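Have a look at the structure below, then the notes.
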Amino acid sequence: MLNLWRIADAAADYIFIDNQKIAFTLPKGLQIITPYNQWAENKLENSFPVICLKHFLAEKHVHPSLNFVLVDCYSKGSKDYELIDQLSEKKNVVLCLSSHNTNAMQSVRRMCIALQKKNISHPIVFVTNSNWQTADEHLIHFATETGALYLEGFGYGIWLGMSEQAYSDFSKAENHLSGRQYADSNGGAETFLNNTAFSILQATRTRISKTEYISCPSCGRTLFELQETTQKIRTVTSHLKGVKIAIMGCIVNGPGEMADADFGYVGSGPGKITLYKGKEVVKRNIDSAVAVDELINLLKENNAWVEPSAQPTE
Ligand code: SF4
């Protein structure tokens, strides 16, 4: 699953297909990446090859405009670093960086810096696979392997995957849950990978695709049912791409903790809510029964609201 350029807010822009036939019509704009041999054999419309660096440099018949070139970043025995100078003259390349090293992120970062120093400025995609088992373990792995790199400004795309065993373990674990969190033909793994990729891109401000919520952890000072209220607010605002809403349990510490939120919903007394625009109080001590509606009004007054039906369909 690769997210590189935009076709829709939370849909992958390219899919990787490894020796499989596509049994459905691809959504308009979605493009395919296939292993080089498969690409060379079939030359499907809207398909591009993925090819290792050594093979790419030796191959005469590559795609005229776009090739995804796999670069192994300093894994034991890899000679890719010695070959990267030859990329400087190429015009049709996206680099897909990965490493088998235990500290893969550091190795990939080292390669990014080496490319910078050599003025090789092809777009970079980070390729990360996970062999962990649970959703939380995968999440931590993907976030630590790629997140730090985006925060430093490296990278144009994200390509997340799981080993075969991890796919199967993930599906089994999901089946044991009473209500599945992720559902698709691969036991939920692809939906999970897609969500995780967009969450990492959003958290690092690389690509904004959804509403962002900041919520306090709640404590003895919390003045309303935090989880229930957060869910209520999410239900009515989750289509507002790029808006940051804070939901804080009390006015003692809430405003200080809601950082750079665009709007704040803060408990200011039993059954009372104060609404903020940035750090400024705009509606004080309103009844909690109407506070969510008032929040929507506030969003409207500040041109931060669109009707759910006005969202572009994917
Ligand atoms: S914002 Fe208030 S209610 Fe929430 S955790 Fe902080 S002190 Fe507790």
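The values are calculated or read from the model by the stated rules, or taken from the named source; none is laboratory data. For clarity, every value in this text was computed on a predicted model and none was experimentally measured. Glycine also receives a Cβ, built like all others from the backbone with ideal geometry; neighbour counts cover every protein chain displayed.
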- Query: Looking at the stretch 137-154, is at least one residue in contact with a Lys or Arg (Cβ under 9 Å, 6 or more places away or on another chain) and acidic (Asp, Glu)?
  - Reply: yes
- Message: Take the residues in the stretch 255-265 that are modelled with pLDDT under 95 and crowded, with 22+ Cβ neighbours inside 10 Å; name whichever of them is farthest from the ligand (Cβ to nearest atom).
- Response: Ala261
- Does at least one position in the stretch 262-278 carry a residue that is out of contact with any helix residue (DSSP H, G or I) (no Cβ under 6 Å at 6 or more places or on another chain) and either assigned by TED's automatic domain parsing to the domain that holds Gly29 or aliphatic (A, V, I, L, M) (or both)? no
- Query: Looking at the stretch 269-281, is at least one residue assigned to a strand (DSSP E or B), without any contact (Cβ under 8 Å) to a residue 24 or more places away in the chain, crowded, with 17+ Cβ neighbours inside 10 Å and touching a Leu at 6+ places or on another chain (Cβ under 6 Å)?
  - Reply: yes
- What do you reckon, is Val62 of a type outside the set (D, E, K, R) and under 15 Å from Val127 (Cβ atoms)? no
- surrounded by fewer than 18 Cβ atoms within 10 Å (Cβ to Cβ) and at pLDDT below 95: does that describe Lys118? no
- Query: Of all the residues that make up the stretch 237-250, how many are within 22 Å of the chain's Cα centre (by Cα) and surrounded by 15 or more Cβ atoms within 10 Å (Cβ to Cβ)?
  - Reply: 8
- Message: Could you list, ordered by first residue, the pairs with Cβ atoms under 8 Å in which the first is in the stretch 245-261 and over 16 Å from Leu295 (Cβ atoms) and the second is within 6 Å of the ligand (Cβ to nearest atom) and of a type in the set (D, E, K, R), at least 6 apart or interchain?
- Response: Cys250/Arg221; Val252/Arg221; Asn253/Arg221
- Pair list, Cβ under 7 Å, 6 or more apart: the stretch 129-144 residue farther than 17 Å from Ser199 by Cα, other residue surrounded by 17 or more Cβ atoms within 10 Å (Cβ to Cβ): Asn131/Ala166; Trp132/His138; Trp132/His141; Trp132/Ala166; Gln133/Ala166; Gln133/Asp169
- What number of residues within the stretch 73-99 are surrounded by 17 or more Cβ atoms within 10 Å (Cβ to Cβ), more than 14 Å from Ile33 (Cβ to Cβ) and within 26 Å of the chain's Cα centre (by Cα)? 5
- Selection from the stretch 228-250 of residues that are part of a loop (DSSP other than H, G, I, E, B), farther than 12 Å from Glu212 by Cβ and either acidic (Asp, Glu) or more than 8 Å from the ligand (Cβ to nearest atom) (or both): His239
- Answer yes or no as to whether Leu70 is on the phi < 0 side of the Ramachandran plot and either buried (at least 16 other Cβ atoms within 10 Å of the Cβ) or out of contact with any strand residue (DSSP E or B) (no Cβ under 9 Å at 6 or more places or on another chain) (or both). yes
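Table: residues versus (1) in contact with a Ser or Thr (Cβ under 8 Å, 6 or more places away or on another chain); (2) surrounded by 17 or more Cβ atoms within 10 Å (Cβ to Cβ); (3) farther than 22 Å from Leu201 by Cβ.
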| residue | (1), (2), (3) |
| --- | --- |
| Val125 | no, yes, no |
| Ala135 | no, yes, no |
| Phe142 | yes, yes, no |
| Ala148 | no, no, no |
| Ala173 | yes, no, yes |
